[in-house]
Amino acid sequence: MRDILLQAAGLAAIAVALIHGALGETKVLPRATIQPIRVRNLIRLVWQAGTVAWIGGGVLLIAAPLMESEIARHWIVVTLALVFAFGALANALATRGRHFGWVALSAVVALAVAGY
């Protein structure tokens, strides 16, 4: 059961990352007035770097049960739970809790910890 929870955390992390990337490109970045254009492009790439990193974290959560190493499982879960918890806290503080992102990121943390 804990393997399934950990893999569900990975799938949720990938879903959250894809939503993050899509919303950034369709809602956030088009409205931003950032000059010069190279700085705007840098902000876009940094935004998407987070998306790629969260997808990578999701893949690791999915793969952790297949590694047959409790040490690897431990460090993958601990590290990614902290990463996603930081994202959840930052999102909740920045949006004063009015954005669903912190709930989605918290769900990833809860699933990962439950699958630990």
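Tabulated values for the structure
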read-out	value
Residue identified as in contact with a Lys or Arg (Cβ under 6 Å, 6 or more places away or on another chain) and surrounded by 14 or more Cβ atoms within 10 Å (Cβ to Cβ) among LEU29, LEU61	LEU29
Filtered residues of region 80-97 (kept if among the polar types (S, T, N, Q) and surrounded by 13 or more Cβ atoms within 10 Å (Cβ to Cβ))	ASN91
Among the residues listed as ALA32, ALA17, ALA92, the single one being farther than 17 Å from VAL113 by Cβ, of a type in the set (A, V, I, L, M, F, W, C) and touching a Ser or Thr at 6+ places or on another chain (Cβ under 8 Å)	ALA17
Filter pass, VAL16 being modelled with pLDDT of 95 or more and among the β-branched types (Val, Ile, Thr)	yes
Top-ranked residue of region 1-57 - restricted to ones that are among the aliphatic types (A, V, I, L, M) and in contact with a Phe, Trp or Tyr (Cβ under 6 Å, 6 or more places away or on another chain), ranked as nearest to LEU105 (Cα to Cα)	ALA13
Helices (runs of 4 or more DSSP H) fully within region 34-116 counting 3 or more residues that are farther than 14 Å from ALA13 by Cα	37-63, 70-95
Criterion (of a type in the set (A, V, I, L, M), touching a helix residue (DSSP H, G or I) at 6+ places or on another chain (Cβ under 8 Å) and modelled with pLDDT under 95) met by exactly one of ILE43, ILE37	ILE43
Subset of region 21-33 (residues that are part of a helix (DSSP H, G or I) and not polar (S, T, N, Q))	GLY21, ALA22, LEU23, GLY24, GLU25, LYS27, VAL28, LEU29, PRO30, ARG31
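The values are calculated or read from the model by the stated rules, or taken from the named source; none is laboratory data. Treat the numbers as computed from the prediction; the structure is a model and nothing was measured. FYI the Cβ positions are ideal-geometry reconstructions off the backbone, even for glycines, and counts take in every protein chain you see.
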